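Structure first, then comments.
The values are calculated or read from the model by the stated rules, or taken from the named source; none is laboratory data. Predicted model, so just to flag it, every value in this text is computed and none were measured. Ideal geometry is used to build each Cβ from the backbone, glycine not excepted, and the neighbour counts take in all protein chains shown.
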Amino acid sequence: MKRGLKTKRLAQDFERNFLEKSQADCTMLFVNLYDLYMEDCLTRLKPTTYENKKVLIELKILPYFKDKELNKIEPSMVRQWQNQLMQQNYSLHT
């Protein structure tokens, strides 16, 4: 039970995100998969490696895929994301 949320909408959003994380199916949002992944990495990686991974994902990947459902991400979207990074002079292999 989560208390202290200011609005009903925030409470409903929190509940939806919580349920998505516990079900972990292909309709979940990318950001929720990221949260689960980083939670798992926290216990498996050294602190420096964890922070580097977190910064990389938050800087390069989350801005583009954050609010997309996993089952809606298609190869063409990944290609567009890669092209966008290349236009900004980011290396895809960093």
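For this structure, a couple of remarks:
- Residue match in segment 13-28 (condition: at pLDDT 90 or above and either on the phi > 0 side of the Ramachandran plot or out of contact with any strand residue (DSSP E or B) (no Cβ under 9 Å at 6 or more places or on another chain) (or both)): no
- The residue of segment 67-76 that is nearest to the chain's Cα centre (by Cα), among those that are part of a helix (DSSP H, G or I) and in contact (Cβ under 8 Å) with a residue 12 or more places away in the chain, is LEU70.
- The set of residues from segment 39-60 being at pLDDT below 95 and not basic (Lys, Arg) comprises GLU39, ASP40, CYS41, LEU42, THR43, LEU45, LEU56, LEU59.
- Test for ILE61: is it surrounded by 13 or more Cβ atoms within 10 Å (Cβ to Cβ), among the β-branched types (Val, Ile, Thr), more than 17 Å from MET28 (Cα to Cα) and within 12 Å of the chain's Cα centre (by Cα): no
- Long-range neighbours under 8 Å by Cβ, at least six apart or interchain, first residue within 21 Å of MET86 (Cβ to Cβ) and touching a residue at least 24 places away in the same chain (Cβ under 8 Å) within segment 40-66, second assigned to a loop (DSSP other than H, G, I, E, B) and among the hydrophobic types (A, V, I, L, M, F, W, C): PHE65/ILE73
- Pick from segment 29-58, criterion charged (D, E, K, R) and part of a helix (DSSP H, G or I), ranking: farthest from the chain's Cα centre (by Cα): ARG44
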